[in-house]
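First comes the structure, then the notes that go with it.
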Amino acid sequence: MLEYIIAFLMAMGISYFLTPYVLKFAYKVGAIDVPKDNRRVHTKPMPKLGGLAIFLGVFITTFVFNRIDKLVMDWQMIWVFLGAVVIVITGVFDDIKPLKARSKYLFQVIAALIVYFGGVKITGVGNPFGDGMIELGWLSLPITVFWITGITNTINFIDGLDGLSVGVCGIASLSLFFIASSFVNVSPVYLVVMMMSVILSGACFGFLPHNFNPAKIFAGDTGALFMGFMLSIISIRGALKGPTIMWMIFPVLVLGFPIYDTAFAIYRRLLKKQPISQADKGHIHHRLLNLGLNQRQAVLFLYFITMILGLMGVWMSEQSFLENIAIMCGFAFLVIFSFLRYAKLGKHKKER
């Protein structure tokens, strides 16, 4: 366990101490977020590109630990970081001069294809009624690309308040670390999953002091896209040797808040016949602000929700498949009911 603590602290330290340099670089290249509409919560220009510090924290720490222990990382990490570089470059260009939504998605698909052909892919799902895997065949490619780009954009969608996406990703990746530790006896692959998770978490928490309200710098698309991409890869790595179908459910549970928020946003925009990529003020964090919470209170509340979901995932990793299905159905009903209730209250408050 000591090596994981060291990796966490190393990634945290690198991310923390590099952020001021990234901030200066953001001003130099003009990566500044200027609020131009009432959808923006911040009221003054803010530097972006903070995701570079998170990326460097993850990359440097991973390289160091790969040199120390070959079991910790493997050759597939080369392809993962090639894909990550594509994602980060896309984010950097978008933070400096916004790209079209189609262009950003195209580069995400390219990154997903890189890791897919590098061997990181969803080839099957665990059989819930017995041993072995249900092979996906040709569906492996589109499902893998959909999963990677879906989780990547999910994190990007919630990046609307100071510290929100970074904190949620830090908590989620730490939760996946503890969940993966339950499966180490199944395959050494979970040692890789544990190390990837704890390094990503450390890099996120290292950046968070600079990003928490009042933020000095934003993670930007560079950070949001990179964090989402890495979380999608972590979940796939675990699924490669997952003992049951539940492994693919754990990331969905842990990332329940951003996934639900993204799904609801897509549904909302389709109903209004708006482009899916068109931003609005209907996200959960906006609704919490409408209820009277300030930025810090809204973010801390969503941290708490993510933490509860993470703890549920850790606990469920020790339960049977049928028990987990029953738990998730009950919890899904509770979440939907609660959200609709809050949405209704928010609407009434706005009308008054």
### Query
In region 87-106, how many residues are assigned to a helix (DSSP H, G or I) and surrounded by fewer than 19 Cβ atoms within 10 Å (Cβ to Cβ)?
8
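Counting only residues that are over 16 Å from Leu9 (Cα atoms) and touching a helix residue (DSSP H, G or I) at 6+ places or on another chain (Cβ under 8 Å), which one in region 40-65 is modelled with the lowest pLDDT?
Going residue by residue through region 40-65, those that are over 16 Å from Leu9 (Cα atoms) are 40-52.
If we keep only those that are touching a helix residue (DSSP H, G or I) at 6+ places or on another chain (Cβ under 8 Å) too, we end up with 41, 47-52.
On the way: Val41: 62, Pro47: 91, Lys48: 89, Leu49: 91, Gly50: 92, Gly51: 93, Leu52: 95.
Step by step, filter region 40-65, then rank; the result is Val41.
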### Query
Residues of region 107-124 being more than 19 Å from the chain's Cα centre (by Cα) and surrounded by fewer than 16 Cβ atoms within 10 Å (Cβ to Cβ), which ones?
Phe117, Gly119
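The values are calculated or read from the model by the stated rules, or taken from the named source; none is laboratory data. The structure presented is a predicted model; accordingly, all values stated were derived computationally and were not measured. Methodologically, a virtual Cβ is constructed for each residue, glycine included, from the backbone with ideal geometry; neighbour enumeration extends over all protein chains shown.
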